[in-house]
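Each reported figure results from applying straightforward, stated rules to the coordinates on display, with no laboratory input. Just so you know, these numbers come straight off a predicted model, no measurement behind them. A quick note on method: Cβ atoms are made from the backbone with ideal geometry, for glycine too, and the neighbour counts reach across all protein chains shown.
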Amino acid sequence: MSAETLIKSYKEFKQKYGKQYSTLFQKLVEEGQSPKTLFIACSDSRVVPSLITHTKPGDLFIDRNIGNFVPPFDEDSEASGTPAVIEYALSVLNVDNIILCGHTQCGACKSLYQDIPEDDIEMTHIRKWLKFGESAKEQAIALIGLKDKKNLYSATEKFNIIDQMKNLLTYPAVKRKVKEGKIFVQGWYYHLDSGELEYFDPIEHRFLHVEQYLKKEKATV
Ligand SMILES: [Zn+2]
């Protein structure tokens with residue numbers, strides 16, 4: 001899509017939704033934002049958090065990065081985009097939920113299996129960033145082997161979600177709030193082709209379809 005097309009689309013948005021959302025936007029400006037959920041997803045253009053959660057402006061505080069990675073807490077780190085989002089969501093916005101959303105056909109997870117030459121300066125930060133997926137790759141290889149690529153990539157995507165959830169717990173505010181029962185952390189696996197959604201069940205230690213989550217919720221009410 002060209003910039004011109006995007007501007008035309010913006011004008012359509014303004015005409016179509018301007019009135020519909022004006023009260024909400026006004027309220028969000030006057031009262032400030034108070035999203036209840038931090039949503040961490042991949043930058044992939046096919047993963048659209050507000051679309052798949054059917055949420056409105058002001059509902060989700062979103063961090064998107066290549067591979068939906070969460071760098072482990074490191075107070076000396078200079079590259080702190082995602083860590084700053086996590087701290088702001090927890091300590092300023094006081095969110096109640098963190099959703100870590102991975103997805104099928106993730107280019108970042110697939111890239112873990114391709115070598116990026118050390119001297120390729122145009123890929124410097126991608127090479128460094130992908131190290132946060134190394135552990136998922138190692139676990140997937142140990143489980144699947146290298147032959148069955150389809151299952152290998154899928155396992156990598158799932159191990160990656162679990163790993164990044166663990167990394168979230170290295171943040172002091174997350175660790176404290178989990179301990180106090182004040183925050184709920186969940187891992188999602190979104191299927192690009194079908195729109196199906198699985199979640200990581202920590203008791204069964206595997207991914208289950210969301211329908212099962214809703215059934216379990218109902219059973220405990
Ligand atoms: Zn991705």
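Each residue of the stretch 130-140 in turn: what ³J(HN,Hα) in whole Hz from Karplus with 6.51, -1.76, 1.60 and θ = phi - 60°, glycine and Pro shown as x?
5, 5, 6, x, 4, 5, 4, 4, 4, 5, 5
What area, in nm² and to one decimal, does the C-alpha convex hull of the chain cast on average over all directions? Numbers along the way, then the final one.
Working: hull surface 63.3 nm².
That works out to 15.8 nm².
Taking Cα centroids, how far is the stretch 83-118 from the stretch 177-221 in Å?
Rounded to whole Å, the Cα centres lie 17 Å apart.
Please report, for the Cα atoms of the stretch 1-42, the Rg to one decimal and the Dmax as a whole number; what are they, in angstrom?
Cα radius of gyration and Dmax of the stretch 1-42 are 14.2, 35 Å respectively.
Rank the residues VAL92, VAL174, VAL70 as a footprinting-exposure proxy: fewest other Cβ atoms within 10 Å of their Cβ go first. Please list the in-between numbers first.
Values: VAL92 9, VAL174 23, VAL70 26.
Fewest-to-most Cβ neighbours within 10 Å comes out as VAL92, VAL174, VAL70.
Which of HIS103, HIS209, HIS125 moves the most in a Gaussian network model of the chain with Cα springs under 10 Å?
Looking only at HIS103, HIS209, HIS125, the largest GNM fluctuation is found for HIS125.
Once phi is turned into ³J(HN,Hα) by the Karplus curve 6.51 cos²θ - 1.76 cosθ + 1.60 with θ = phi - 60°, what whole-Hz value does each residue of the stretch 22-38 show in order, with x for glycine and proline?
4, 5, 5, 4, 4, 4, 5, 6, 5, 9, x, 7, 9, x, 9, 10, 8
Could you run the Karplus curve 6.51 cos²θ - 1.76 cosθ + 1.60 with θ = phi - 60° over the stretch 65-80 and give me ³J(HN,Hα) per residue in whole Hz, x for Gly and Pro?
Taking θ as phi minus 60°, the curve returns 8, 4, x, 6, 7, 10, x, x, 3, 8, 5, 9, 5, 8, 8, 10 Hz for the stretch 65-80.
How do ILE183, ILE144, ILE121 rank when sorted from fewest to most other Cβ atoms within 10 Å of their own Cβ?
Details: ILE183 21, ILE144 17, ILE121 7.
So the ranking, lowest neighbour count to highest, is ILE121, ILE144, ILE183.
If each residue's Cβ is checked for other Cβ atoms within 10 Å, how do MET165, MET123, MET1 rank with the fewest at the top?
Details: MET165 20, MET123 15, MET1 7.
Least crowded to most crowded, the residues run MET1, MET123, MET165.
Return the unpartnered cysteines for the chain, using a Cβ-Cβ cut-off of under 4.7 Å.
CYS42, CYS101, each lacking another Cys Cβ under 4.7 Å.
For the chain, with a Gaussian network of springs between Cα atoms less than 10 Å apart, report the residue from ASN151, ASN160, ASN97 with the top mean-square fluctuation.
Looking only at ASN151, ASN160, ASN97, the biggest GNM fluctuation is shown by ASN151.
Starting with the highest mean, order 24-31, 47-54, 106-113 by the number of other Cβ atoms within 10 Å, averaged over the residues of each peptide. Present the calculation step by step, with values, prior to reporting the outcome.
On the way: 24-31: 11.0, 47-54: 13.9, 106-113: 19.9.
Per-residue Cβ counts within 10 Å, averaged per peptide and sorted highest first, yield 106-113, 47-54, 24-31.
When every alpha-carbon pair in the stretch 125-221 is counted, what percent end up more than 22 Å apart?
Tail fraction, whole percent: 42.
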